[in-house]
Amino acid sequence: MGFRKLASVFAGATMLMSPGLSLADETCQSPYMPKITGEEEFVYVWTLGKEGIGDESDKLVTVDVRKGSDTYGKVVASLSVGGRNEAHHAGFSADRRFLWAGGLDTNKIFVFDVHSDPGKPILTKTIDTFVKDTGGAVGPHTFYGLPGRMMISALSNDKDHGGRTALVEYSDEGEFIATHWMPTAEDPRGAKIASDVVDGYGYDVRALIRKNVMLSSSFTGWSNYMMDFGQMLEDGEAMKRFGQTVVQWDLHSRQPKKVMHVPGAPLEIRFAWGPENNYAFTTAALTSKLWLIHADDNNEWHAKEVADIGDPASIPLPVDISISADDSRLWINTFMDGKTRLFDISDPYAPKQIYEKVIGDQVNMVSQSWDGKRVYFTSSLLAQWDKKGDADDQYLKAYDWDGKDLKLQFELDFYKEGLGRAHIMRFGSSKLFGS
Amino acid sequence: MSISRLISLALPFFLCLCFAVPTVRADNWAVRVLERSMTGSLGLPVPTHPVENRPTADKIRLGRKIFFDRRLSLNRTMSCGMCHIPEQGFGNHELQKAVGFEGRSLRRNAPTLVNAAFYETLFWDGRETGFETQFISPLLAANEMANPSAGQVVALIEELSDYDGAFEQAFGQPVSLHRIGEVLAAYQRSLIAANSPFDRWRFGGDTNAISEQQQRGYQLFTGKAGCSQCHQIGETSALFTDNAYHDTGYGWMREHERQNPPSHHPVEVAPGVVFHVSRKQIDDVSGPSLPDLGRYEVTQNPADSWKYRTPILRNVALTAPYMHDGGFAKLRDVLDFYNRGGASHDQQSPLIRPLGLTEAELQDLEAFLQALTSADFAELAREARVEEPDNW
């Protein structure tokens, strides 16, 4: 990266960190992004098409969540993109005007305009050259908005559909910029290997601007995330191919600095918000452990296991997590038992579960409002990992949280509505754009 | 995880990175490969090519390109090479059973294609007669590449500009389904790797090419253990197959397990961390598991139930996991199965019986199987990567 590019990234960072802009609507977004200060108006649900349901296509579903609106709790828009792409994660550009949504199977990226009419997103661009552009990265996963560009973590590669993969950057205009391959044993790319384990796998990517730190986590390759979950559990070879690392990167130079050992497939990464809180949480899906990734007084980053999530031996499978704006609470969903669990993380080294509730037969994603009073859940993990038969309920459920209990406000059955499998949620509001 | 284990996990990717440094020159590799395809390799007979499909360098070059072209599937993500991965022995080390289009399950392990030219029939059950026609089934199978029709694939290749003139150059004729089969066949028949330490010892007159332990293993393989009754070794060459079908008891055993699954299954969730997961929990997230009756599915003759074609054992140390469903992770697991006498069910081949091999003998036998690894094997992977796989 040239000096000019670096300088412009840095200028953007400083600008967005200025006071008054430091609130977010939901608590897990890129800190570079403009924020909703009031209530969210819409929830966008990136939904997987399913054979035999509606038009079978992947779609962006817009749900009205304006309390008092005639269409509150109803689907107000549904935009089919064609095909089953293994719709998974989505993220806004740093200016929050566009939502980028990826397909883990077909490697397509759909860019939606969410500012012209926040209640009715428009598909403005489809990037279908991701694998070719990147030189072989497969499975665009996290879309993390940086000023002027999108940082994308991939999950796999086009040579063997295994877990070796890369971070990839595109400009906001959708032009490919760079591929940063994950450090491996043969090519650590200058990173320190903290405890002998390095796998080159990828999953989430998040940044802590004031520390110039970016973290990536590690899941598994296409063969595993696409395959029948039950078959995989019985396939001893496949089970050996899960990520065991969290990588610390230099945010500005994109250089990997350190590979930390976090076994059991560490997935979502959530940095704390407090200006003194130099840490992030991640959960290891297979071993059901909560991990703290933290800086010590010398600015050295470490990974520490800090709590069990449920009974690990029963493989509850922690999936999405959501940190509260004051860094005191962490929602953790466990897919297998369909529960959400609330942890008190005021002492990040000793989190304690303080609440749990069954949301459905299966639960995957959780998103909360900035004030923590509204919490939304969806059901789908991956097309071939979701439960089979009757237990495959697909929904969006909206709750109010009063500090003690979750109270259901509305639920949408995504099969009855002819939509598909409900995956990631992102919040929208017309207030963001001065209308 | 130990360092050596890490390195072995990492090795395939290391090979991947090699093709950035072109050790195999893109222009002349196919000429060299053609020669191998015509002359064979020490320990193997000269490969036979159908008179109507003589190999040429142009055909081999084009066959390789098509084999790795990910665009030739309904959603542009699957090629032959995504299941038959060069760095993983032209099979897949990371899966017992193959996974195809949209993650759909296959019943069987993707076998190595190296030396498959020496089979008289193709697939574990021998249902296919040759490479020239075999490719149609993966191209069209809904759980493999899922193309809507064979004609669409031909039309797609016609449209893709990087194929402009290629079939004309190879055949003096445009692309057709038949010619796609011919170039894929020419490429796959060039995947030959023998000249192993065993070959140099047995056929090359090099008495020191294999160790004493490996020689003892050879004596067991051809003697007490009775392996070569099916995995045959000839006077001037060794195919390690009789090109026939046998019920080793293995298929029957797996089908019995499928119908009577254990109440818990050990799942290693991270190195050294094993949880015993209940059947109910697995079933909740499982699609239907399908039976596999082997050769019976081709002949409908009950006497052929659970018979599979004897696999060639060359380079077997590089092609884990083993058996038609990839159900054995290590060679030692296979040897233990044979030593037990298979599954001892009624229809099992009389050639499979308790062997009474001692621990030392089992080690000798395994050492012998290690001697079947060809030094040229890695070269096949490098050739396969002369160019990046095609993507949309």
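The values are calculated or read from the model by the stated rules, or taken from the named source; none is laboratory data. Everything numeric in this text was worked out from a predicted model, so none of it was measured. FYI the Cβ positions are ideal-geometry reconstructions off the backbone, even for glycines, and counts take in every protein chain you see. Ligands, DNA and RNA are stripped out before the accessible areas are found, and what is left, the full protein with its side chains, is counted by its heavy atoms. Shrake-Rupley method; radii C 1.70, N 1.55, O 1.52, S 1.80 Å.
Put simply, of A:ASP327, A:ASP371 the only residue that is out of contact with any Gly (no Cβ under 8 Å at 6 or more places or on another chain), outside any strand (DSSP E or B) and away from every other protein chain (no Cβ under 14 Å) is A:ASP371. Selection of segment A:410-422 for residues being assigned to a strand (DSSP E or B) and more than 15 Å from A:LEU79 (Cα to Cα) yields A:PHE410, A:GLU411, A:LEU412, A:ASP413. Residues that are in a loop (DSSP other than H, G, I, E, B), open to solvent by 10 Å² or more (accessible area, probe 1.4 Å) and either within 14 Å of chain B (Cβ to nearest Cβ) or modelled with pLDDT of 95 or more (or both) within segment A:243-273 comprise A:GLN244, A:HIS252, A:SER253, A:GLN255, A:PRO263, listed in sequence order. Counting the residues of segment B:92-145 that are more than 14 Å from chain A (Cβ to nearest Cβ), of a type in the set (S, T, N, Q), assigned to a loop (DSSP other than H, G, I, E, B) and surrounded by fewer than 23 Cβ atoms within 10 Å (Cβ to Cβ) gives 2. The residue that is surrounded by the most Cβ atoms within 10 Å (Cβ to Cβ), among those in segment A:171-186 that are touching a helix residue (DSSP H, G or I) at 6+ places or on another chain (Cβ under 7 Å) and within 10 Å of another protein chain (Cβ to nearest Cβ), is A:THR184. The listed residues are B:LEU357, B:LEU313, B:LEU318, and the only one of them that is modelled with pLDDT of 95 or more, closer than 30 Å to A:VAL198 by Cβ and more than 14 Å from chain A (Cβ to nearest Cβ) turns out to be B:LEU318.
Which residue is modelled with the lowest pLDDT, if the candidates are limited to segment B:333-348 and must be away from chain A (no Cβ under 14 Å) and open to solvent by 40 Å² or more (accessible area, probe 1.4 Å)? Result: B:SER344.
Only residues that are buried (at least 24 other Cβ atoms within 10 Å of the Cβ), outside any helix (DSSP H, G or I) and either at the interface with chain B (Cβ under 7 Å from one of its Cβ atoms) or hydrophobic (A, V, I, L, M, F, W, C) (or both) were counted across segment A:220-233, and they come to 1.
Sub-6 Å Cβ pairs linking a first residue in segment A:308-320 that is away from chain B (no Cβ under 12 Å) to a second residue that is aromatic (Phe, Trp, Tyr), at least 6 apart or interchain, are A:VAL319/A:PHE335, ordered by first then second residue. In segment A:113-138, the qualifying residues are those that are more than 15 Å from A:TYR170 (Cβ to Cβ) and buried (at least 24 other Cβ atoms within 10 Å of the Cβ), and the one that is nearest to the other protein chains (Cβ to nearest Cβ) is A:VAL138.
Being open to solvent by 50 Å² or more (accessible area, probe 1.4 Å), closer than 30 Å to A:VAL198 by Cα, within 19 Å of the chain's Cα centre (by Cα) and modelled with pLDDT of 95 or more, is that true of even one residue in segment B:59-69? No, segment B:59-69 contains no residue that is open to solvent by 50 Å² or more (accessible area, probe 1.4 Å), closer than 30 Å to A:VAL198 by Cα, within 19 Å of the chain's Cα centre (by Cα) and modelled with pLDDT of 95 or more. Take B:GLY204 and decide whether it is more than 30 Å from B:ILE157 (Cβ to Cβ), in contact (Cβ under 8 Å) with a residue 60 or more places away in the chain, surrounded by 17 or more Cβ atoms within 10 Å (Cβ to Cβ) and not assigned by TED's automatic domain parsing to the domain that holds B:LEU357. So B:GLY204 fails the test. Would it be correct to say that A:GLY145 is modelled with pLDDT of 95 or more and within 10 Å of chain B (Cβ to nearest Cβ)? For A:GLY145, the condition - modelled with pLDDT of 95 or more and within 10 Å of chain B (Cβ to nearest Cβ) - is not met.
This table checks each residue for (1) outside any strand (DSSP E or B); (2) farther than 30 Å from A:GLY264 by Cα.
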position	(1), (2)
B:SER228	yes, yes
B:GLN232	yes, yes
B:THR241	yes, yes
B:TRP252	yes, yes
B:PRO266	no, no
B:LYS280	yes, no
B:LEU290	yes, no
B:HIS324	yes, no
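Is there a residue in segment A:194-211 that is open to solvent by less than 20 Å² (accessible area, probe 1.4 Å) and in contact with an Asp or Glu (Cβ under 7 Å, 6 or more places away or on another chain)? Among the residues of segment A:194-211, at least one is open to solvent by less than 20 Å² (accessible area, probe 1.4 Å) and in contact with an Asp or Glu (Cβ under 7 Å, 6 or more places away or on another chain), which makes the answer yes.
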